[in-house]
Structure formats: C-alpha cells, structure tokens
Amino acid sequence: MDLKDAIRTIPDFPKEGIMFRDITTLMTNPKAFKASIDALAAPYKDKGLDNVAGIDARGFVFGAAVAYALGVGFVPIRKKGKLPFKTYSQDYELEYGSGTLEIHADSIRKGEKVLLIDDLIATGGTAEASMKLLEKTGAEIIGAAFVVDLPDLGGLGKITSMGIPVTALVAYDGH
C-alpha cells in the first residue's frame with residue numbers, strides 16, 4: 001500500500017507557500033492506519049524494547065499503537081504543564097516559534113530501551129528535544145520513527161547526526 005495515497009495535502013496552510021501534509025486522512029483509513037503501524041513497528045520487533053515514547057499529540061496516536069503492537073509500555077512526551085508529577089523539561093525551536101516539552105522523571109528507568117515515535121519530522125526541533133528528554137531519564141534510545149519526513153527541512157539528518165537510527169515511512173519534497 002502506498003501510504004502517500006492516504007495522506008491529504010492542503011496547500012497554503014498554515015501560511016502561503018506551505019504544503020501541509022494532513023495525516024488525519026491516513027488515521028481514518030483502517031487499511032492505511034494498520035499498514036503504517038505495522039511498518040513503524042516492524043524494524044523494532046526484535047530489539048528488546050521496554051517502551052515507546054510518543055510526542056504530543058499525534059505521536060500519541062502512532063506511538064501507543066506501535067507500543068501495543070510490540071507488547072511494550074507507552075510513555076507520553078507532553079507540552080509544558082500537562083504532566084502532574086515531577087518532570088524533566090526541554091526547550092526547543094519550531095519552524096514557527098518555540099516551545100517546551102516535558103516527560104515524567106520516573107517514566108523510564110536508566111538503561112531501558114526506548115523507541116521515539118511521531119507523525120512527522122520537519123526541522124527536527126521537537127524530535128531533538130524529545131531525544132534530550134529521553135537521555136535525561138537514562139534511556140537507551142534504540143531509534144526514532146516517523147510517518148512523514150520533509151527532507152528539505154533537515155530534521156532527519158539532525159537526528160541521525162545524534163547517532164540515532166531513523167525510520168520514515170514516506171517523504172515529501174518541499175515544505
């Protein structure tokens with residue numbers, strides 16, 4: 001199945017010149033959604049993972065499903081102020097601004113093997129911040145996986161330069 005056929009492109013959103021890759025159409029297509037979860041999980045079946053970490057918010061959808069498929073735990077990486085217990089925080093830059101991500105300090109034990117999941121990687125700022133959060137917990141980061149890569153924005157290269165193996169299911173040129 002070509003997952004690109006299940007992803008809607010919306011021109012000029014959120015601003016003129018941007019081609020927004022809307023994965024909600026993939027998520028509402030049962031065959032495409034299952035295919036994406038299976039493809040995200042496949043490279044990590046025999047890696048001895050303990051957890052999958054998903055980035056707020058669409059990374060929760062894909063990350064939780066991949067964790068279920070792999071029979072491991074799920075750890076949410078949230079936007080600032082959403083977690084009720086002691087957290088680690090990491091600031092990051094976005095294409096359109098900045099933000100802060102947090103993870104519960106006790107969500108991962110030192111040495112646990114973790115896979116990071118998100119729906120899309122663009123500039124890599126959110127993924128890089130998430131990697132730094134996972135490092136603060138003492139996790140062993142086995143890899144990062146994304147449904148969509150926008151290679152012209154360089155995010156995948158940013159993560160691979162950190163020594164993390166990366167998987168992306170589809171790539172789109174441009175923004």
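The values are calculated or read from the model by the stated rules, or taken from the named source; none is laboratory data. Just so it is clear, the model here is predicted, and its values are computed rather than measured. Reconstructed Cβ throughout: ideal geometry from the backbone, glycine too, with neighbour counts over all protein chains shown.
If I go through region 1-23 residue by residue, how many of them are more than 25 Å from GLU128 (Cβ to Cβ) and in a helix (DSSP H, G or I)? Outline the logic, then answer.
Here is the first cut: in region 1-23, the ones more than 25 Å from GLU128 (Cβ to Cβ) are 1-2, 4-6, 8-12, 16.
Those left that are additionally in a helix (DSSP H, G or I): 4-6.
So the count comes out to 3.
Quick check on this structure: which one of TYR88, TYR96, TYR92 is at pLDDT below 95, among the hydroxyl-bearing types (Ser, Thr, Tyr) and more than 16 Å from the chain's Cα centre (by Cα)? Before you say what the answer is, go through the steps one by one.
Working: TYR88 fails: at pLDDT below 95; TYR92 fails: more than 16 Å from the chain's Cα centre (by Cα).
The match here is TYR96.
Just give me the residues in region 82-107 being farther than 19 Å from VAL61 by Cα, β-branched (Val, Ile, Thr) and surrounded by 17 or more Cβ atoms within 10 Å (Cβ to Cβ), in sequence order.
THR87
Take PHE62 and decide whether it is buried (at least 17 other Cβ atoms within 10 Å of the Cβ) and either farther than 27 Å from SER36 by Cβ or aromatic (Phe, Trp, Tyr) (or both).
Values: buried (at least 17 other Cβ atoms within 10 Å of the Cβ): yes; either farther than 27 Å from SER36 by Cβ or aromatic (Phe, Trp, Tyr) (or both): yes.
So PHE62 passes the test.
Which residues, taken from region 26-41, are without any contact (Cβ under 8 Å) to a residue 60 or more places away in the chain and surrounded by 14 or more Cβ atoms within 10 Å (Cβ to Cβ)?
The first filter runs over region 26-41 and keeps only residues without any contact (Cβ under 8 Å) to a residue 60 or more places away in the chain, leaving 27-35, 37-38, 41.
The answer is MET27, ASN29, ALA32, PHE33, ALA35, ILE37, ALA41.
Mind counting the residues in region 65-76 that are surrounded by 18 or more Cβ atoms within 10 Å (Cβ to Cβ) and over 14 Å from VAL114 (Cα atoms)?
Result for region 65-76: 1.
Out of curiosity, is ALA171 out of contact with any Cys (no Cβ under 8 Å at 6 or more places or on another chain), buried (at least 17 other Cβ atoms within 10 Å of the Cβ) and not charged (D, E, K, R)?
Here the answer is no, as ALA171 does not meet what is asked.
List the number of the failed condition for LYS79; all other conditions in (1) surrounded by fewer than 18 Cβ atoms within 10 Å (Cβ to Cβ); (2) more than 15 Å from the chain's Cα centre (by Cα) hold.
All conditions are met except number (2).
Does ASP46 satisfy the criteria of being outside any helix (DSSP H, G or I) and either closer than 22 Å to ALA144 by Cβ or in contact (Cβ under 8 Å) with a residue 60 or more places away in the chain (or both)?
Numbers: outside any helix (DSSP H, G or I): yes; either closer than 22 Å to ALA144 by Cβ or in contact (Cβ under 8 Å) with a residue 60 or more places away in the chain (or both): yes.
Spelling it out, ASP46 is indeed outside any helix (DSSP H, G or I) and either closer than 22 Å to ALA144 by Cβ or in contact (Cβ under 8 Å) with a residue 60 or more places away in the chain (or both).
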